[in-house]
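Notes for the one structure printed next.
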Amino acid sequence: MAAFLWALLGIAAGACIAIQAPINAMLGRGLGMPVAAAFISFFAGALLLALVVAATTAFEGRSPDWRGPDLWLYIAGGALGTVYVTTAIYLTPRIGAAAVMAFAVSGQLLAGILLDRIGFLGMAVREISVGRVAGAGMLVAGALMIRFL
């Protein structure tokens with residue numbers, strides 16, 4: 001039962017990303033600058049997360065260890081998110097939300113297979129198999145079909 005709930009949560013998170021793309025694209029059109037829309041999206045998210053961190057800290061009675069992680073870890077995730085959100089804002093009005101999501105998921109899967117193979121940042125190593133390559137190939141083919149057929 002827990003695995004089913006985790007799967008539903010993952011699906012809901014994916015749906016949020018799909019819904020976010022056209023919202024941010026509309027904001028970008030309204031502002032006249034996709035990068036400004038990305039900034040607003042990150043700023044609003046950062047404010048909301050600051051409230052969640054404060055509430056979680058109060059509820060759990062403990063604080064994050066802000067000195068624990070290496071400095072680059074504070075920057076890398078946001079930088080990668082900036083590339084994704086800005087690209088989605090730029091592409092969504094041009095190729096559609098479904099195509100943007102299909103290509104984004106394809107990129108996530110291909111990168112995930114590589115990251116698993118090298119054991120990126122201490123992750124468990126998972127070999128590249130025929131099934132993984134075939135699955136990734138079908139996903140890329142599906143993304144191309146969504147965009148061009």
Legend entry - So G107, is it in a loop (DSSP other than H, G, I, E, B) and free of Cβ contacts under 8 Å to residues at least 24 places away in the same chain: no
Inset, instruction - Could you please find all residues in the stretch 126-148 being open to solvent by 80 Å² or more (accessible area, probe 1.4 Å), out of contact with any Lys or Arg (no Cβ under 6 Å at 6 or more places or on another chain) and outside any helix (DSSP H, G or I)? - result: R126, E127
Inset, instruction - Provide a single number: the residues in the stretch 57-79 that are β-branched (V, I, T) and open to solvent by 60 Å² or more (accessible area, probe 1.4 Å). - result: 1
Inset, instruction - Kindly list, by first and then second residue, each pair from a residue in the stretch 1-22 that is in contact (Cβ under 8 Å) with a residue 12 or more places away in the chain and under 26 Å from L91 (Cα atoms) to a residue that is of a type outside the set (S, T, Y) and open to solvent by 80 Å² or more (accessible area, probe 1.4 Å), limited to pairs with Cβ atoms under 6 Å and residues at least 6 apart or on different chains. - result: none
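Okay, residues lined up against (1) in a helix (DSSP H, G or I); (2) over 21 Å from A36 (Cβ atoms):
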| site | (1), (2) |
| --- | --- |
| A54 | yes, yes |
| D65 | no, yes |
| V83 | yes, no |
| R94 | yes, no |
Legend entry - Residues of the stretch 80-106 satisfying the condition of being loosely packed, with under 15 Cβ neighbours inside 10 Å and under 12 Å from the mean Cα position of the chain (by Cα): L80, G81, V83
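The values are calculated or read from the model by the stated rules, or taken from the named source; none is laboratory data. A quick note: this is a predicted structure, and the numbers were derived from the prediction, not measured. Counting neighbours? That spans all protein chains shown, and the Cβs are built from the backbone with ideal geometry, glycine included. Accessible surface is based on the protein model in full, side chains and every heavy atom, while ligands, DNA and RNA are left aside. Shrake-Rupley method; radii C 1.70, N 1.55, O 1.52, S 1.80 Å.
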